[in-house]
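The values are calculated or read from the model by the stated rules, or taken from the named source; none is laboratory data. Note that this is a predicted model, so its numbers are computed, not measured. Don't worry about glycine lacking a Cβ; one is built from the backbone with ideal geometry, like all the others, and counts go over all protein chains shown.
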Amino acid sequence: MVTETPPETEVLAVRASGVHRAFGGVLALRDASFAARPGEIHALAGENGAGKSTLIKVLCGLISADRGTVEIFGQQVRRVVEPAARRRLGVATAFQELSLIPDLTVAENLLLQDPPRGRLGLVRRGRLAPTADAILQRYGVDYIDSRTTTADLSVAQRQIVELVRVLAQEPRVVILDEPTAALPDRQVEWLAGHMRRLRDAGCCVIFTSHRWREIEQLADRVTVFRNGTHVATRDEMSESEAVTLMSGRTLEGTYPDVAALPVGETVLRVDQLAGGRLRGVSFDLRRGEILGVGGLAGQGQRELFLTLFGARRAASGTLSVGGTPVTVRRPKDAIRAGLGIAYVPEDRKAEGLFLPLSIRDNIALATLSRRSAGGFVRRRGERAAVASIAEQLRIGGGRATSQAVATLSGGNQQKVVMARWLLTDARILLLFDVTRGVDAATKHDMYQLVADLAAQGKAILFYSSETEEIANLCHRVLVLREGRVSAELAGPVGDADRIVAASLKEESDA
Ligand SMILES: Nc1ncnc2c1ncn2[C@@H]1O[C@H](COP(=O)(O)OP(=O)(O)OP(=O)(O)O)[C@@H](O)[C@H]1O
């Protein structure tokens with residue numbers, strides 16, 4: 001059923017119409033409309049740069065619209081609204097860039113806007129931690145100590161605190177921008193439970209995600225945006241329909257035919273690698289092979305990639321590349337040995353990118369030393385290579401690569417991280433969660449790109465927080481459990497549940 005324009009009489013939690021919003025020369029929203037009801041979970045879907053985050057910021061009054069109207073339960077949001085006024089409106093928002101202040105404690109961040117006060121209205125500092133503890137307990141996250149300095153939490157824990165801060169306001173409208181991007185599966189379930197509870201209590205819950213599975217499982221209705229404008233709102237939508245609506249393209253077969261790609265001789269041999277969570281990992285990676293690393297979250301996958309790349313020290317174990325033993329103590333050693341890593345940091349906004357620099361300079365960073373001739377960077381060759389990879393990954397929808405990375409949407413910034421390492425001439429590519437936060441059509445392009453790189457003879461080690469990708473894009477899958485390889489599955493595995501089942505099996509049965 002298509003419900004493009006809600007009847008004027010319907011009580012709506014959120015109604016936006018004719019909204020325009022430009023940033024410099026970029027029109028982020030053009031004549032955009034959106035409506036959501038009380039008592040529903042409403043997903044906002046769209047490609048990277050479609051305008052979702054901008055719409056969210058306009059809806060909650062963080063930025064103003066250049067034109068158009070926004071109403072929350074019939075009340076107009078006219079311009080930028082102070083946090084306290086936003087609370088009075090009944091809107092609470094968790095943004096993609098976390099809004100917590102790193103130097104404050106968890107308790108201070110949770111209660112910043114509404115600290116416990118005594119009879120004279122003075123803040124009772126002594127009550128901060130106990131009040132925050134009670135809130136954390138109410139949301140089932142008593143494993144986080146409210147006295148901890150926020151900077152000392154992991155990115156996932158910070159995201160959980162941010163979400164608790166939003167949920168605890170008990171708003172009428174909750175808006176969550178990519179809330180699951182930094183969360184492990186277990187916490188995704190935790191969040192889903194709270195979203196449903198709020199919905200059942202009559203709250204309007206709006207969220208964005210690039211994972212269709214989540215949208216399918218959680219959302220009562222979906223709105224698709226494309227190029228800053230509303231395309232459709234429906235209560236039933238298939239994934240392929242959604243992709244077509246989002247991208248304007250029809251994608252054929254999600255995954256390339258990996259089984260048809262030939263695999264050659266061993267290029268990388270890893271023997272008894274240990275250190276941190278790793279407790280003796282051994283495997284061979286072959287030329288032209290895409291080797292998946294699966295397993296439950298936190299079994300040492302991240303450490304494995306970082307150790308291979310020299311960003312973490314191994315306590316013991318050996319590596320050889322092309323039959324020659326190599327010592328990798330720093331990333332420089334790894335690059336020299338022919339290993340390149342496309343690693344998407346947990347907090348992509350804080351690590352890995354130089355926001356004020358151009359797209360081109362950020363992509364060219366990893367190749368800079370290689371391209372320098374007599375101290376000069378060979379700009380012309382670099383420009384052509386960068387332009388080609390930027391086009392292949394459709395970075396910024398064809399925007400000039402001279403623009404600052406800061407002006408790109410979150411997903412497009414992530415593509416810059418990936419492009420950087422694809423440009424190096426590494427024989428071995430370590431791809432760690434490269435599709436996180438990336439839209440469906442671009443994911444599709446990335447799968448093809450990974451298959452093309454394998455066909456060119458690169459050896460690829462592949463990890464993704466979406467197990468389905470490991471199941472479908474890999475020749476073989478290593479299952480990591482407690483820092484060891486506990487099973488090996490021949491691929492393409494096809495069904496992600498088989499990897500999950502192998503991850504849960506006792507080592508003796510595997
Ligand atoms: N502060 C800014 N300066 C310049 N351009 C901006 C700014 N914020 C957003 N834009 C541009 O506005 C457009 C919409 O961006 P927005 O962040 O709303 O997209 P999105 O749909 O949330 O994308 P993603 O899924 O990647 O997070 C993009 O082209 C983006 O580059």
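Could you tell me whether Ile359 is modelled with pLDDT of 80 or more and closer than 30 Å to Ile101 by Cβ? The answer is yes for Ile359.
A Cβ distance below 9 Å, combined with a sequence gap of six or more or placement on separate chains, defines the contacts here; from segment 403-418, residues that are closer than 16 Å to Ala441 by Cα reach residues that are of a type in the set (Asp, Glu) and more than 8 Å from the ligand (Cβ to nearest atom) in the pairs Gly410/Glu97. Listed here are the helices (runs of 4 or more DSSP H) enclosed by segment 405-488 that have at least 1 residues being within 14 Å of the ligand (Cβ to nearest atom) and modelled with pLDDT under 80: 410-422.
The sole residue among Gly288, Gly292 that is touching a residue at least 12 places away in the same chain (Cβ under 8 Å), of a type in the set (Gly, Ala, Ser) and on the phi > 0 side of the Ramachandran plot is Gly288.
Conditions tested, residue by residue: (1) modelled with pLDDT of 95 or more; (2) in the same structural domain as Ala455 (by TED's automatic domain parsing); (3) crowded, with 20+ Cβ neighbours inside 10 Å; (4) within 16 Å of the ligand (Cβ to nearest atom).
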| position | (1), (2), (3), (4) |
| --- | --- |
| Phe207 | yes, no, yes, yes |
| Arg211 | no, no, yes, yes |
| Glu214 | no, no, no, yes |
| Ser238 | no, no, no, no |
| Pro262 | no, yes, no, no |
| Leu278 | no, yes, yes, no |
| Gly288 | yes, yes, no, no |
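Report whether or not Lys505 is crowded, with 23+ Cβ neighbours inside 10 Å and among the charged types (D, E, K, R). So Lys505 fails the test. Entry remark, segment 256-285: residues being in a helix (DSSP H, G or I) and either under 12 Å from Gly323 (Cα atoms) or in contact (Cβ under 8 Å) with a residue 40 or more places away in the chain (or both) number 2 in total. Inspect segment 43-52 for any residue being assigned to a strand (DSSP E or B), under 19 Å from Gln159 (Cβ atoms) and either away from the ligand (no atom under 12 Å from the Cβ) or of a type in the set (Gly, Ala, Ser) (or both) and give the result as yes or no. Scanning segment 43-52 turns up at least one residue that is assigned to a strand (DSSP E or B), under 19 Å from Gln159 (Cβ atoms) and either away from the ligand (no atom under 12 Å from the Cβ) or of a type in the set (Gly, Ala, Ser) (or both). Checked against (1) more than 18 Å from Gln169 (Cα to Cα); (2) surrounded by 21 or more Cβ atoms within 10 Å (Cβ to Cβ); (3) within 13 Å of the ligand (Cβ to nearest atom), Ala16 passes all but a single condition, namely (3). Of the residues making up segment 64-95, just one is modelled with pLDDT of 90 or more, part of a loop (DSSP other than H, G, I, E, B) and among the aliphatic types (A, V, I, L, M), namely Ala65. No other residue among Arg158, Arg186, Arg147 is under 27 Å from Val205 (Cβ atoms) and touching a helix residue (DSSP H, G or I) at 6+ places or on another chain (Cβ under 7 Å) apart from Arg158.
Filtered by the rule that a residue be more than 27 Å from Gly491 (Cβ to Cβ) and of a type in the set (Ser, Thr, Tyr), segment 236-264 gives Thr244, Ser247. Give segment 123-151 a look and list any residue that's within 26 Å of the chain's Cα centre (by Cα) and part of a helix (DSSP H, G or I), or say none. Of everything in segment 123-151, those that are within 26 Å of the chain's Cα centre (by Cα) and part of a helix (DSSP H, G or I) turn out to be Leu136, Thr150, Ala151.
Looking at the structure I just gave you, is Asp495 under 28 Å from Asp177 (Cα atoms) and either surrounded by fewer than 20 Cβ atoms within 10 Å (Cβ to Cβ) or assigned by TED's automatic domain parsing to the domain that holds Asp284 (or both)? It is false that Asp495 is under 28 Å from Asp177 (Cα atoms) and either surrounded by fewer than 20 Cβ atoms within 10 Å (Cβ to Cβ) or assigned by TED's automatic domain parsing to the domain that holds Asp284 (or both). Residues that are within 11 Å of the ligand (Cβ to nearest atom) and either part of a helix (DSSP H, G or I) or at pLDDT below 80 (or both) within segment 386-404 comprise Ile395, Gly396, Gly397, Gly398, Arg399, listed in sequence order.
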